[in-house]
């Protein structure tokens with residue numbers, strides 16, 4: 001990294017938090033774009049200039065990077081330790097990782113990966129499974145080079161050229177067709193795997209005494225009647241509400257915070273862009289013959305209310321979920337894999353891996369964390385096999401891969417805002433960005 005680029009990264013790193021928050025806006029008009037008609041018609045005479053590698057590194061790693069070790073600072077009380085009348089406050093073996101990321105995640109599952117596309121290709125920043133080396137992974141200006149190098153190591157190109165996505169309905173709604181995924185832009189596409197947290201969350205529900213019932217079949221226990229009769233759980237909850245609660249809780253939290261990180265970093269760097277809906281996720285993921293999209297694998301349920309409707313289960317070798325397709329067709333094996341992540345040879349609660357935990361006394365905490373009851377594990381398998389048998393898909397009521405919002409970053413066309421908006425529509429960071437970050441290219445534009 002050259003000295004000038006490092007100074008620019010340091011300037012962005014030192015941006016005051018509240019300045020970034022209160023100057024954050026969606027600024028949609030970038031270099032090379034055009035609004036051909038209407039009261040704000042404008043054509044940018046500049047060529048669209050792509051973001052540099054360092055700009056994309058700051059955005060991606062700020063959105064999804066490793067920040068250090070999470071603390072998991074919750075009670076691990078065993079039920080047998082309670083005195084009469086005490087309320088149980090344990091069950092914190094629900095954690096799946098000690099990895100701290102730049103976005104929070106239910107149970108530390110961090111099921112969301114950041115896909116993005118630019119003029120050169122489509123990529124994913126593969127951060128799942130990486131582990132921090134210290135409590136604060138990126139803590140000072142000296143770590144900026146590490147941040148950029150980690151980005152280069154963890155991004156994987158999955159196809160050549162910009163994302164294949166039509167600039168028309170139904171791929172994009174009309175108000176997004178003019179600027180979304182245009183030359184020079186970087187389009188970020190967070191995809192959340194909800195299957196692992198759904199399996200984990202169902203075990204949590206059972207530990208809390210709740211069991212699923214089928215709202216479409218007289219509120220009968222769903223695959224767990226034997227376990228209810230044996231007293232494993234006593235509080236009925238419609239399964240039709242469990243999946244959305246867990247799945248959208250995971251995706252909304254992870255994607256929402258990841259997106260906010262992206263937008264604040266745009267403010268700090270002086271970039272344009274913003275979030276948007278108004279797109280068809282099935283097309284972006286690649287589930288139609290109309291475009292290639294990201295090339296996810298889609299399967300189709302043969303029975304149930306969703307019979308005949310394709311749904312995304314993952315991207316082979318890149319983003320594999322806990323859908324049975326990735327476990328030889330076995331839901332049991334998918335459940336066992338979640339348990340393995342906790343207590344297996346590489347598990348976070350295995351005392352042999354205490355060096356990866358944030359605690360001062362290596363191994364002592366891990367040895368005291370209660371294991372999930374084998375009955376809970378088997379009951380979870382029975383429930384999910386009943387789901388698979390009845391509805392022919394897993395999950396039954398939400399997709400395994402969820403995409404809810406896209407985020408774009410680009411270089412701002414300040415002339416558009418100068419012509420149509422009051423002072424303050426963009427900041428000094430935006431005004432000087434091209435000069436500071438891309439001075440040679442800007443000079444060439446003027447000469448032309």
Next on the checklist: Counting C-alpha atoms alone, how compact is segment 101-205: give Rg to one decimal and Dmax as a whole number, in angstrom.
Outcome noted: 17.2, 47
Checklist entry - Once both axes come from the Cα atoms, what is the angle between helix 331-343 and the longest principal axis of the chain, in degrees from 0 to 90, rounded to 10? => result 80
Checklist outcome for this item: Per-residue Cβ contact counts at 10 Å, fewest first, order 232, 202, 96 as 232, 96, 202
Item to check | Label-point separation in nm, residue 292 to residue 220, each point 7 Å along Cα→Cβ | outcome: 4.9
Checklist entry - How long is the gain from residue 352 to residue 11 if the chain were fully straight, where each residue apart is worth 0.36 nm and the alpha carbon distance is subtracted? => result 118.6 nm
Checklist entry - What FRET efficiency comes out for the pair residue 305/residue 86, r = Cβ-Cβ distance, R0 = 41 Å, nearest 0.05? => result 0.40
Checklist outcome for this item: Computed over segment 237-335, the Cα gyration tensor eigenvalues, each multiplied by 5 and square-rooted, give semi-axes in Å (largest first) of 29, 19, 15
Checklist entry - When ranked by the protection proxy of mean other Cβ atoms within 10 Å per residue, highest first, what sequence do the peptides 209-222, 409-422, 75-88, 155-168 form? => result 409-422, 209-222, 155-168, 75-88
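How much length is gained on full extension from residue 18 to residue 420, taking 0.36 nm per residue of separation minus their Cα-Cα distance?
Extending this stretch completely gives an extra 142.1 nm.
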Next on the checklist: Rg over Rh of segment 45-92, using C-alpha atoms and the Kirkwood radius, what does it come to?
Outcome noted: 1.52
Next on the checklist: Just to be sure I understand: with springs between alpha-carbon atoms less than 10 Å apart, which residue in 22, 349, 319 has the highest mean-square fluctuation in the Gaussian network model of the chain?
Outcome noted: 22
Checklist outcome for this item: Highest mean packing first, using Cβ neighbours within 10 angstrom, the peptides 181-187, 268-274 sort as 268-274, 181-187
Next on the checklist: One quarter of the convex hull surface, Cα atoms only: what value does that give for segment 329-374 in nm²?
Outcome noted: 3.5
Checklist entry - Helix 53-64: angle to the longest alpha-carbon principal axis of the chain, degrees 0 to 90, nearest 10? => result 30
Next on the checklist: With the crude spin-label approximation of a point 7 Å out along Cα→Cβ, what separation in nm comes out for residue 431 versus residue 40?
Outcome noted: 2.0
Checklist entry - Quick one: length gained pulling residue 52 to residue 340 fully straight, 0.36 nm per residue minus the C-alpha distance? => result 99.7 nm
Checklist outcome for this item: Least to most buried among 146, 390, by other C-beta atoms within 10 Å and fewest first, runs 146, 390
Checklist entry - In what sequence do 13, 391, 437 fall when counting other Cβ within 10 Å, fewest first? => result 13, 391, 437
Item to check | Semi-axis lengths, Å, segment 289-404, gyration tensor of Cα atoms, sqrt of 5 times eigenvalues | outcome: 34, 19, 10
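Every read-out reported here was derived from the displayed coordinates using simple, explicitly stated rules and does not represent laboratory data. All values reported here derive from a predicted model rather than from experimental measurement. Heads up, the Cβs are rebuilt from the backbone with ideal geometry, glycines too, and the neighbour counts pull from every protein chain shown.
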